[in-house]
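The values are calculated or read from the model by the stated rules, or taken from the named source; none is laboratory data. What you see is a predicted model; the values in this text were computed from it and never measured. Cβ coordinates were reconstructed from backbone atoms using ideal geometry, including for glycine residues, and neighbour counts include every protein chain displayed. Accessible surface is based on the protein model in full, side chains and every heavy atom, while ligands, DNA and RNA are left aside. Shrake-Rupley method; radii C 1.70, N 1.55, O 1.52, S 1.80 Å.
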Amino acid sequence: MKRINEVISKLEYQVGTVMLISIVVLVFASAVLRLFDLPIVWSVDASQLMFVWISMIGADLALKKRSHMGVDLLVRSFPAKLQKVIALISYILCGAFIVFIAYWGIRLCILNYLRTYQTLKISYSFATAAIPTIALCMFSSLLEQVIDLLLHWKDTQRVQ
Amino acid sequence: GKESDGKKVYELKLSTVLTDTDPISIGLGQLAKSMDELTGGEVKIEVYPSSQLGDTADVLEQAKSGANVGVVIDTGMLADYVPDMAIYTGPYVFDSVKNARAFIETDLFQSWDAQLATHGLRDLGCNWYQGARNFLTSTRVVQPSDLKGLRVRTMGSKVAQESMKAMGATPTSLAWSEAYSGLQSKVIDSVEAQTTAVYGSSLHEVTKYLAKTEHFLLYTGLVISEKWFQSLPENYRTLLVQEAIKAGDYATELTLQKEVEYNKLMAEKGLTFVDVDKNLFKEASAKVYETMGWADLKAKIDAQLGQ
Amino acid sequence: MGVVAILFVVLLAFNVPLAFTIGLASLAFFFANDGISWIIPVQKMVASTQSFPLLAVPFFVLAGNLMNETGITRRLVKFSTVLTGHLAGGLALVSCVLSTFMGGISGSACADAAMETRILGPAMLDRGYTKGYACSVNALSSLITATIPPGVGLILYGVTGEVSIGKLFLAGVIPGILMCAILMVTSWGIAKKRNYPVENDRPPTAREVWDAFVESIWALMFPIILIVGIRFGLFTASEAGAFAVVYAFFVGKYIYKEMTWKGLWNVVKTTLGDNGVILFIIMTSAILGYGIIYDKVPQTIAGVIAGVSSNPHIIMLVICAFVFLAGMVMEGTVNTLLLTPIFLPIVRNLGVDPVHFGIVFMTTVTLGGMTPPVGTAMYSACAILECPIDEYTKESLPFFGAILIEVVLLIYLPQIFMWLPNLVFG
Ligand code: NA
Ligand code: NA
């Protein structure tokens with residue numbers, strides 16, 4: 001599990017980096033070229049297409065680093081054992097949400113592959129696909145954390 | 001449909017990106033009212049203005065998936081499903097609002113409707129007029145050559161870009177929300193848009209002239225879910241189609257009135273309206289139909305309408 | 001929507017990550033309504049990212065991260081310390097001034113909060129400020145950025161409500177400066193009370209100021225170049241973020257020569273994560289927004305509000321209170337699109353100038369980004385400094401008090417800022 005996630009994570013960093021830098025360069029270049037009357041009409045659509053991908057990728061990377069924030073005010077005061085049970089339930093719920101968006105994301109990609117980006121002439125499904133694709137990666141990240149939680153179930157010092 | 005008080009209620013939610021005071025929204029409200037009256041409340045239509053249910057393409061997607069929704073959509077956007085419908089976005093495709101209205105009765109248009117139905121979409125009539133697009137400029141424009149060197153904000157589609165080039169302007173793309181600041185800071189020299197949008201975004205504050213070229217006629221259609229449409233009893237289906245056409249005509253009437261009213265208000269605030277010889281712009285932009293590969297189709301439309 | 005609200009509170013209390021809490025609670029709405037399309041949640045998530053102005057978030061987060069890596073921040077902090085080091089809470093005051101300065105460039109409070117927390121936050125913690133205070137100052141002062149033109153929010157309000165954007169922009173100038181003053185006084189008062197360290201025991205000499213100024217000239221020119229760029233039409237407010245990134249890169253790589261390729265790689269990695277946290281919340285909030293609109297919740301509430309009173313000031317206060325509550329769980333863009341068409345006609349009927357209302361309304365809407373439990377500006381600040389939300393909540397109260405004073409002033413004394421747009425547009 002750990003090995004798989006390391007590979008996914010590396011891939012995500014690479015794709016995310018290329019896309020983020022591309023967006024910056026594209027938006028910058030289209031503004032500069034406009035001054036010379038050479039507009040890049042597809043820059044807005046292309047940026048937005050990559051935006052959904054970098055945002056989902058970032059969401060998974062943050063999930064791996066456990067940096068999605070919650071409100072632990074109440075849970076913090078519970079005994080360690082109970083905290084672990086709650087953490088497990090929380091993982092299951094998050095997993096359910098991920099499965100939901102993955103399933104319907106795929107359905108939506110198929111339903112509407114004919115919808116296109118006006119200026120790109122490519123299917124809008126390339127944007128929609130970011131949701132199910134990265135959702136599967138997120139599921140894998142969650143799984144590793146659940147295994148980690150179960151392996152250290154007895155260890156009351158370790159609470160997430 | 002839902003059961004309530006022993007009778008079946010068919011609910012439909014109609015969406016538009018326009019605000020609730022726009023003629024299109026008012027027309028939709030009119031449709032809701034007449035359907036409510038004529039069916040004794042069995043067909044219940046609710047109107048969601050200001051993109052509340054999502055932007056146009058999103059709601060169209062929902063309709064396609066079978067949800068009980070419909071949307072007022074730029075006819076050209078339906079080209080994803082019926083490629084020929086892209087011609088609606090061409091410059092001077094119809095000579096007048098009257099011709100555009102007449103076109104939806106033709107066999108050609110009816111065949112497009114049939115194609116839409118195979119994609120799960122039901123067209124209730126492309127007779128919702130949103131106005132004609134004109135150039136807003138800081139210099140006086142009377143003929144195509146006056147557009148030379150002007151950076152004009154237009155839509156992102158290829159046909160819009162090509163039309164601008166054909167008329168001599170330099171097309172540029174910018175988010176609509178940035179049109180105001182773009183004109184003010186001279187990122188762009190001109191915007192081409194319809195009167196209601198110009199007035200709604202206060203663009204008259206940051207520009208001097210409006211050249212009445214009327215190069216694009218904005219014809220929108222009301223498209224709903226085919227699946228929901230087929231769930232209606234036959235008499236209600238007929239009624240809905242008939243009332244939707246009426247409501248679209250009513251909205252068109254209101255739009256034409258609003259155009260006059262807004263133009264007057266903007267003139268009072270210092271915007272100068274420039275009358276142009278539309279034929280010059282029409283001739284200049286005609287080659288777009290060759291570029292886009294729509295020449296045959298355009299000829300067919302002209303023949304059907306005798307224009 | 002009742003089930004959604006209950007589920008939301010329960011999940012939140014049990015420490016389910018915020019983005020998932022919002023997403024899961026919203027799904028309950030879809031289970032409760034049959035006939036609704038199941039593709040909508042995913043569709044809404046994608047749609048929320050298809051916004052060009054929203055790209056300002058990753059841009060300014062990246063620019064902020066780059067400035068840290070390239071030595072720009074270090075020099076800026078040094079200069080600020082020379083300037084305000086003899087005052088209590090000097091860096092907090094810098095944050096307020098910087099937001100005012102940034103106001104002319106960035107239209108997004110969220111991006112501003114993210115950038116300034118990234119730049120100033122760590123230095124604030126080094127100086128012994130509590131996390132809650134540091135996050136509160138950086139998040140709340142970003143409200144200034146949204147008020148001073150250009151602002152994405154005001155543009156959105158103007159377009160939705162058909163109100164003159166030029167007038168709105170001019171009307172925002174004075175409230176923005178006023179807000180800066182009020183927040184500076186608040187920050188200074190708290191810092192003074194808590195004895196946050198005074199780094200210099202005397203005010204700086206002219207020579208010291210000049211030397212620090214020269215050393216950080218590239219950093220200080222950064223906002224000026226952007227302002228000039230926008231004013232002269234080189235780029236738009238949304239594109240400014242990309243310019244900020246390129247500029248920070250250029251200065252770090254070729255002028256300060258402090259940035260390495262490895263450093264750049266790290267900066268991008270951090271940015272991806274920061275952006276992902278913020279955007280994932282925006283994405284799931286879009287699902288919630290759909291349910292709220294579908295059930296016509298805002299219209300119901302508008303009906304109640306219109307019945308409360310016929311005094312325009314009272315109605316505006318009630319609307320602000322409502323918008324404040326809505327802002328606790330909803331995103332600003334969604335609130336603007338949703339609530340403008342509902343509230344504007346109510347106040348218009350009572351004779352309120354739509355420009356006046358716009359400033360009051362948008363201040364409150366934008367403030368929603370700073371209120372717990374859901375707020376993008378708050379979240380950006382807290383995520384970067386790893387500050388628990390409850391700590392932020394406690395420490396932000398005095399700042400909310402300060403903004404309340406500002407809002408009441410704006411409601412009751414429109415003449416203090418309305419003279420500017422009236423002067424220009426007549
Ligand atoms: Na600040
Ligand atoms: Na601003």
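Among the residues examined, C:VAL209 does not qualify as among the β-branched types (Val, Ile, Thr) and in a loop (DSSP other than H, G, I, E, B). Which of (1) out of contact with any Ser or Thr (no Cβ under 6 Å at 6 or more places or on another chain); (2) in a helix (DSSP H, G or I); (3) modelled with pLDDT of 85 or more; (4) of a type outside the set (A, V, I, L, M, F, W, C) is the odd one out, the single condition C:ASN195 does not satisfy? With respect to (1) out of contact with any Ser or Thr (no Cβ under 6 Å at 6 or more places or on another chain); (2) in a helix (DSSP H, G or I); (3) modelled with pLDDT of 85 or more; (4) of a type outside the set (A, V, I, L, M, F, W, C), C:ASN195 is out only on (2). Among the residues of segment B:161-197, those that are more than 11 Å from chain C (Cβ to nearest Cβ) and closer than 21 Å to B:LYS258 by Cα comprise B:VAL191, B:GLU192, B:ALA193, B:GLN194, B:THR195. The single condition from (1) without any contact (Cβ under 8 Å) to a residue 60 or more places away in the chain; (2) polar (S, T, N, Q); (3) within 14 Å of chain B (Cβ to nearest Cβ) that C:ASN15 fails is (3).
When you scan segment B:34-153 for helices (runs of 4 or more DSSP H) that lie fully inside it, which ones turn up with 1 or more residues that are modelled with pLDDT of 95 or more and open to solvent by 10 Å² or more (accessible area, probe 1.4 Å)? If you could, list the steps in order and put the result at the bottom.
Numbers: elements: B:56-64, B:97-103, B:107-118.
Answer list for segment B:34-153: B:107-118.
Among the conditions (1) touching a residue at least 40 places away in the same chain (Cβ under 8 Å); (2) β-branched (Val, Ile, Thr); (3) closer than 26 Å to C:TRP419 by Cα, the only one that C:VAL334 does not satisfy is (3). For segment A:11-66, the set of residues classified as at the interface with chain C (Cβ under 8 Å from one of its Cβ atoms), open to solvent by 50 Å² or more (accessible area, probe 1.4 Å) and farther than 20 Å from C:PHE243 by Cβ consists of A:LYS65 only.
Entry remark, segment A:109-154: residues being within 11 Å of chain B (Cβ to nearest Cβ), more than 20 Å from the chain's Cα centre (by Cα) and not in a helix (DSSP H, G or I) number 11 in total. Within segment B:149-160, residues that are closer than 15 Å to A:ARG34 by Cα and at the interface with another protein chain (Cβ under 8 Å from one of its Cβ atoms) have Cβ atoms under 7 Å from residues that are hydrophobic (A, V, I, L, M, F, W, C) and part of a loop (DSSP other than H, G, I, E, B) in these pairs: B:ARG151/B:ILE188; B:GLY156/A:VAL41, counting only partners at least 6 apart in sequence or on another chain. When B:ASP249 is tested against the conditions (1) under 30 Å from B:LYS33 (Cβ atoms); (2) in contact (Cβ under 8 Å) with a residue 40 or more places away in the chain; (3) open to solvent by less than 10 Å² (accessible area, probe 1.4 Å), the lone failure is (3).
Within 14 Å of chain A (Cβ to nearest Cβ), closer than 22 Å to C:GLU406 by Cβ and open to solvent by 20 Å² or more (accessible area, probe 1.4 Å), is that true of C:THR371? So C:THR371 fails the test.
For segment C:129-139, which positions are surrounded by fewer than 24 Cβ atoms within 10 Å (Cβ to Cβ) and either more than 14 Å from every other protein chain (Cβ to nearest Cβ) or within 11 Å of ligand 1 (Cβ to nearest atom) (or both)?
Residue satisfying the conditions is C:THR130 alone.
Taking the criterion of being buried (at least 21 other Cβ atoms within 10 Å of the Cβ) and without any contact (Cβ under 8 Å) to a residue 24 or more places away in the chain, no residue of segment C:393-426 qualifies.
Restricted to segment C:140-158, and to residues there that are modelled with pLDDT under 80 and either surrounded by fewer than 23 Cβ atoms within 10 Å (Cβ to Cβ) or touching a Phe, Trp or Tyr at 6+ places or on another chain (Cβ under 6 Å) (or both), the residue that is nearest to the other protein chains (Cβ to nearest Cβ) is C:LEU156. A count restricted to segment C:103-128 and to residues that are at pLDDT below 80 and surrounded by fewer than 24 Cβ atoms within 10 Å (Cβ to Cβ) stands at 1.
Among the residues of segment B:167-207, those identified as part of a loop (DSSP other than H, G, I, E, B) and out of contact with any strand residue (DSSP E or B) (no Cβ under 6 Å at 6 or more places or on another chain) are B:MET167, B:GLY168, B:SER173, B:ALA175, B:SER185, B:LYS186, B:VAL187, B:SER201, B:SER202.
Yes/no matrix, rows are residues, columns are (1) at pLDDT below 90; (2) crowded, with 23+ Cβ neighbours inside 10 Å; (3) part of a helix (DSSP H, G or I):
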| residue | (1), (2), (3) |
| --- | --- |
| C:LEU337 | yes, no, yes |
| C:ILE359 | no, yes, yes |
| C:THR363 | no, yes, yes |
| C:TYR379 | yes, yes, yes |
| C:GLU391 | no, no, yes |
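Listed by first and then second residue, the pairs with beta-carbon distance under 8 Å, at least 6 apart or on different chains, first residue in segment B:42-57 and facing chain C (nearest Cβ under 8 Å), second among the aromatic types (Phe, Trp, Tyr), are B:LEU53/C:TYR290; B:LEU53/C:TYR294; B:GLY54/C:TYR290.
In segment C:234-245, the residues that are modelled with pLDDT under 80 form Cβ pairs under 6 Å with partners that are within 12 Å of ligand 2 (Cβ to nearest atom) and assigned to a loop (DSSP other than H, G, I, E, B), at six or more places apart or across chains, as follows: C:ALA237/C:GLY107; C:ALA237/C:PRO150; C:ALA240/C:ILE105.
Before we move on, is C:VAL97 within 27 Å of C:TRP218 (Cα to Cα), surrounded by fewer than 24 Cβ atoms within 10 Å (Cβ to Cβ) and within 16 Å of ligand 2 (Cβ to nearest atom)?
Values: within 27 Å of C:TRP218 (Cα to Cα): yes; surrounded by fewer than 24 Cβ atoms within 10 Å (Cβ to Cβ): yes; within 16 Å of ligand 2 (Cβ to nearest atom): yes.
Criteria met by C:VAL97.
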